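These notes are about the structure you will find just below.
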Amino acid sequence: MSAYIYLDNAATTPIDEEVIDTMHQAMKDFYGNPSSQHASGRAAKVQMENARRVIAGKIGAKPSEILFVSCGTEANNLVMRSVCQTAEIRRFITTPVEHPSVGNVMKDISKNYPVAYVKVNAHAQIDISSLEELLQSSSEKTLVSIMHANNEIGALNDIKKIGELCKQYGALFHSDCVQTMGHFPIDTQDIPVDFITASAHKFHGPKGVGFLFVRNPKTLCPQIMGGSQERSYRSGTENLTSIIGMAKALEIAVSDMKDHETKIRGMRDRFLEKLTQAIPDIEILTPQAPNLYTVASVLFPERMSVETLGFQLDMKGVCCSGGSACSSGAGKPSHVLEAIGANQKKKGLRFSFSRYNTTEEVDKTIEIIKELSLELMKNLENATI
Ligand SMILES: Cc1ncc(COP(=O)(O)O)c(C=O)c1O
């Protein structure tokens with residue numbers, strides 16, 4: 001039983017007990033190097049290919065379209081860096097609200113290739129007509145990278161529609177599905193997408209492992225060279241225990257997806273409703289449905305210091321986030337809040353939920369926020385007397 005109320009599941013999720021057990025056993029049984037030719041190596045290789053088959057099956061892909069990597073960041077870097085070298089991509093289209101593992105690579109790439117940004121609205125949802133205008137504006141071979149769901153705000157993009165548009169204009173399409181894999185059905189036979197990024201630790205799997213769906217592996221150019229693992233597209237001895245854990249986590253996530261969604265969406269909506277009752281002048285950044293049901297992103301009124309609120313919540317045992325985990329320590333305003341034109345005087349907190357949360361935790365958190373808000377108000381009044 002956790003000692004705190006963990007509402008930071010968009011940063012990472014607790015590992016499923018069944019996944020831990022599976023990994024524990026795999027660590028004992030399959031320690032061989034999957035590249036070794038002897039029986040122990042062959043047994044490890046069988047497990048690895050089985051995991052690949054399981055993962056591929058859950059997203060309508062072929063096993064040969066799944067590449068194991070160390071994390072979502074690596075997969076995103078691999079795609080962006082590759083396509084200039086192999087697919088003759090000469091132009092990029094993306095959004096200003098991507099995770100830094102896309103956004104910062106795009107900034108770097110923009111030294112050599114044009115990068116255009118699709119317009120987003122105040123809830124970080126992309127403007128599909130802006131994408132079409134950009135696609136129409138040049139005949140240069142283009143890669144479009146648009147995330148399925150935004151990690152800070154919870155905006156959800158229609159990747160089928162985006163993929164169809166990309167196909168119509170002959171552009172390659174990459175989608176960072178780190179926040180949605182295992183939370184929404186993703187069928188690569190139905191969605192015209194060339195690359196999908198996923199990371200196990202966002203769907204109750206282990207950290208330090210992810211996968212890239214790649215429709216045509218020839219569009220990839222190895223960025224890590226060495227032995228010939230992963231058909232030379234990604235060298236380095238595979239993290240087999242974690243790969244097995246990732247497959248198990250995805251299997252569980254997909255098999256109970258609808259129940260998980262109903263439970264989590266119910267808790268998230270309850271949280272937002274009660275928070276609005278408690279502090280009516282909050283601003284909810286997460287758009288109305290369809291949205292990423294795990295995330296509640298909220299701007300608090302100026303009179304409430306969010307730094308103090310976040311700190312006090314932490315002191316009271318509630319874990320939430322002031323933005324994405326990767327940038328929240330940096331003390332800089334979030335690029336996402338900047339891009340959506342949020343009032344910079346107001347600060348936001350992100351509460352993100354998982355199937356392990358309970359309604360009691362939601363209600364307790366609201367009570368704590370109410371108490372803290374009253375205290376903050378009292379302190380403010382005393383300071384102005
Ligand atoms: C949308 C998105 N993309 C990519 C990443 C990076 O994934 P990883 O932590 O596996 O590198 C994250 C992690 O927060 C994310 O939320």
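The values are calculated or read from the model by the stated rules, or taken from the named source; none is laboratory data. Because the structure is predicted, anything quoted here is derived from the model rather than measured. When we count neighbours, we look across all protein chains shown, and the Cβ atoms used for this are built from the backbone with ideal geometry, even at glycine.
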Is it the case that region 24-36 has a residue that's touching a helix residue (DSSP H, G or I) at 6+ places or on another chain (Cβ under 7 Å) and within 14 Å of the ligand (Cβ to nearest atom)? no
Examine region 223-234 for a residue that is in contact (Cβ under 8 Å) with a residue 60 or more places away in the chain and crowded, with 24+ Cβ neighbours inside 10 Å, and state whether such a residue exists. no
Tell me whether region 366-379 contains one or more residues that are within 16 Å of the ligand (Cβ to nearest atom), modelled with pLDDT of 80 or more and not assigned by TED's automatic domain parsing to the domain that holds residue 121. no
Can you say whether residue 113 is under 15 Å from residue 174 (Cα atoms) and surrounded by fewer than 20 Cβ atoms within 10 Å (Cβ to Cβ), as far as the supplied structure shows? no
Counted residues, region 147-185 - those being over 14 Å from the mean Cα position of the chain (by Cα) and of a type in the set (A, V, I, L, M, F, W, C): 7
Would you please name the residue that is nearest to residue 12 (Cα to Cα), looking only at residues in region 342-357 that are touching a residue at least 12 places away in the same chain (Cβ under 8 Å) and over 21 Å from the mean Cα position of the chain (by Cα)? 347
Of the candidates 30, 68, the one satisfying the condition of being of a type in the set (Phe, Trp, Tyr) and closer than 23 Å to residue 102 by Cα is 68
Tell me, which residue of region 372-385 that is assigned to a helix (DSSP H, G or I) and either in contact with a helix residue (DSSP H, G or I) (Cβ under 9 Å, 6 or more places away or on another chain) or of a type in the set (Val, Ile, Thr) (or both) is surrounded by the most Cβ atoms within 10 Å (Cβ to Cβ)? 372
How many of the residues making up region 163-209 are at positive phi and surrounded by 22 or more Cβ atoms within 10 Å (Cβ to Cβ)? 2
Within region 70-127, how many residues turn out to be within 11 Å of the ligand (Cβ to nearest atom) and charged (D, E, K, R)? 2
